[in-house]
Amino acid sequence: MTAARDQIVETTCTLLEVQGYHATGLNQILKESGSPKGSLYYYFPGGKEELTTEALNRVGGIVLERIQANLAAVDDAADAVRGFIHHIAVNVEASGYTAGGPITTVAMETSATNERLRAACARIYESWQALFRDKLTAHGFTPERAEPLSALIIAALEGGIILCRTRRSPQPLHDIAEEVGRLIALG
């Protein structure tokens, strides 16, 4: 990947997270990335949709690596998930409540109108959910129990991020971390 292409994708990631898909324009991406106009269509001939898909995949992969590292660092599933959610709460607060949720933002804006972006968001959520499902299964949960519980974890995380951002408080995610941790510990 070239530095110019990478800068366009990084800028898009940031703008999607802060203002969403519809409010993010190609001219703004070019201006904030410092890229010449022709470079966007050179690297992304499919335009905004292709660029957004690339940005979603980039963010999704980064979060996937963070989930994987956090879950691998702690043996107990309840403690691992609890710790990861607390970590997200700290990051959302540290960002001034602008970070956390670019996948959710794009999914909510486009799932009914753009199949490519809906499918990209679905793949990302499934990859995240699979990590939680695998951790739960390794901790002794049956696959039938781990599947809905891992979906609950993703839903609680994403909903918690929205609550933190709108309330401008990390408390919703801290509360969710404790409740989900208790639920996992109960088996």
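Overview of results
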quantity	calculated
Selection status of Leu157, within 27 Å of Thr11 (Cβ to Cβ), assigned to a helix (DSSP H, G or I) and modelled with pLDDT of 95 or more	yes
The range 17-39: number of residues that are under 23 Å from Thr2 (Cα atoms) and either in a loop (DSSP other than H, G, I, E, B) or under 26 Å from the mean Cα position of the chain (by Cα) (or both)	14
Residue match in the range 142-152 (condition: assigned to a loop (DSSP other than H, G, I, E, B), surrounded by fewer than 18 Cβ atoms within 10 Å (Cβ to Cβ) and modelled with pLDDT of 95 or more)	yes
The lone exception for Gly100 - which of (1) assigned to a helix (DSSP H, G or I); (2) closer than 16 Å to Leu64 by Cβ it fails	(1)
Verdict on Ser111 being farther than 17 Å from Pro172 by Cβ, open to solvent by 10 Å² or more (accessible area, probe 1.4 Å), in contact (Cβ under 8 Å) with a residue 40 or more places away in the chain and not hydrophobic (A, V, I, L, M, F, W, C)	no
Subset of the range 1-53 [among the small types (Gly, Ala, Ser), touching a residue at least 12 places away in the same chain (Cβ under 8 Å) and within 19 Å of Tyr97 (Cα to Cα)]	Gly20
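The values are calculated or read from the model by the stated rules, or taken from the named source; none is laboratory data. Predicted model only: the values in this text are computed from it and were never measured. Glycine gets a Cβ as well: all are built from the backbone with ideal geometry, and neighbour counts include every protein chain shown. SASA here: full protein model, heavy atoms, side chains in, ligands and nucleic acids out. Shrake-Rupley method; radii C 1.70, N 1.55, O 1.52, S 1.80 Å.
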